[in-house]
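The values are calculated or read from the model by the stated rules, or taken from the named source; none is laboratory data. Every value quoted in this text rests on a predicted model; they were computed, and no experiment measured them. Here the Cβ positions follow ideal geometry from the backbone for every residue, glycine too, while neighbour counts run over all protein chains shown. Surface accessibility is based on the protein's heavy atoms, side chains included, excluding ligands, DNA and RNA. Shrake-Rupley method; radii C 1.70, N 1.55, O 1.52, S 1.80 Å.
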Protein chains: 2
Amino acid sequence: MADEAPFQFLHNELIQYIYKSAENETENGRNLTKLENIGFRVGQGLIERLTKDTARFKDELDVMKFICKDFWTCVFKKQIDNLRTNHQGIYVLQDNKFRLLGQLSAGKQYLEQAPKYLAFTCGLVRGALSNLGVKSIVTSEVSVMPACKFQVMIQKL
Amino acid sequence: MADEAPFQFLHNELIQYIYKSAENETENGRNLTKLENIGFRVGQGLIERLTKDTARFKDELDVMKFICKDFWTCVFKKQIDNLRTNHQGIYVLQDNKFRLLGQLSAGKQYLEQAPKYLAFTCGLVRGALSNLGVKSIVTSEVSVMPACKFQVMIQKL
């Protein structure tokens, strides 16, 4: 019965609301930042609950694996399909069928709409990592919908 | 692993966002209306998906039972605890442990905060009913958290 549907629909309406209420602003970027910030706080809250009874993480890679498996499954009901790293602080998380893009047509027609469906999730990952003590910059990339990649750049302190 | 957590956290942040972005407005009512409207559209979308393969509803009571069981379970992972009606178009749905109030302390201290945690759900029910052809007014009431009641008044056409 589509467990993740309420979350998806709420996410969609949040986007509509933010874009509608800022109709007069020419800056698309500000809306993306708002979505990213909301995602950040949701990510912080979620990871706190999810890691309540988890053993301590061994290292950065261990943290990333937790994000790709447990965290992703909690939010999107599937795991990340592919995790790559250059072992120097850059991680690429690939989701071949990203749920929040699922309602958009797969063609190139709506490709320019994709960033606003990904901003929240960039924040989500950044917030989760932040609460695990890992400061990062998270960006997203879509070439063929509904697949997408999230690039995580760890900020060394 | 708390299936409904992403939805709950997103709902909380939506409230924060709407109340924060309207700091200068003295009117609390406008924010409640915004939340209610967002809930309305989420309700419309959800019920459409949930009733995709459902048999035709017999009558109004049949519709209300679907809202109390299937719809409520989809969104809040539990059923409504008690459904009452005066058989003249008024229905009272009681949830003894309403999820979206779960993070508020159960005392009376935060009772005045309750309406903003219920507005979205009032809209959710109104939107779902609306897409099933039932026009209604939905209000909420809390006496002891986290229990609450939703009153549905059917608008005869």
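Rounded to the nearest 0.05, what FRET efficiency do B:Ser130 and B:Lys58 have when you use their Cβ-Cβ distance and R0 = 25 Å?
Numbers: r = 19 Å, r/R0 = 0.76.
So, using R0 = 25 Å, E works out to roughly 0.85.
Tell me, what are the semi-axes, in whole angstrom and largest first, of the equivalent ellipsoid of the range B:1-82 as set by the roots of 5 times the Cα gyration tensor eigenvalues? Display every interim value, and only then the final one.
On the way: eigenvalues 173, 51, 25 Å².
Rounded to whole Å, the semi-axes are 29, 16, 11.
Given the C-alpha atoms of chain A, compute the convex hull and give its volume per residue in Å³.
On the way: hull volume 18.8 nm³, N = 157.
It is 120 Å³ per residue.
In nm, one decimal, shortest first: how far is the label point of B:Thr85 (7 Å from Cα along Cα to beta carbon) from the matching points in the other copies?
Output for B:Thr85: 5.7 nm, nearest copy listed first.
With an 8 Å Cα cut-off and a minimum separation of 6 or more residues, compute the relative contact order for chain B in percent. Display every interim value, and only then the final one.
Details: 224 pairs, mean separation 45.0, N = 157.
Result for chain B is 29 percent.
For the cross-link pairs B:Lys34/B:Lys69; A:Lys78/B:Lys156; A:Lys69/B:Lys116; A:Lys116/B:Lys34; B:Lys52/B:Lys108, which exceed 32 Å when the distance is taken from alpha carbon to alpha carbon?
Working: B:Lys34/B:Lys69 26 Å; A:Lys78/B:Lys156 44 Å; A:Lys69/B:Lys116 34 Å; A:Lys116/B:Lys34 21 Å; B:Lys52/B:Lys108 41 Å.
The pairs that break the limit, which is 32 Å between Cα atoms, are A:Lys78/B:Lys156; A:Lys69/B:Lys116; B:Lys52/B:Lys108.
Based on C-alpha coordinates, I'd like the Rg and Dmax of the protein assembly as shown, in Å.
Reported Rg and Dmax, both Å: 20.5, 68.
Within 15 Å, Cβ to Cβ, of A:Gln155, how many net charges do the neighbouring residues add up to if Lys/Arg are +1 and Asp/Glu are -1?
Neighbour charge sum, excluding A:Gln155 itself: +2.
Within the accessible area of chain A, what % is carbon and sulfur when the probe is 1.4 Å and the other protein chains stay in place?
Values: 3690 of 7980 Å².
Percent of accessible area from carbon and sulfur atoms in chain A: 46.
If one computes the Cα centroid of the range A:29-86 and of the range B:64-122, what distance in Å separates the two points?
First find each Cα centre; the distance between them is then 30 Å.
When Cβ neighbours within 10 Å are restricted to other protein chains, what is their mean count per residue of peptide B:119-125?
Values: counts 0, 2, 0, 0, 0, 3, 0.
Mean shielding count: 1.
Please compute the average number of Cβ atoms from other chains found within 10 Å of each residue's Cβ in peptide A:39-49.
Details: counts 2, 1, 6, 10, 2, 1, 8, 6, 0, 1, 5.
Mean partner shielding for this stretch: 4.
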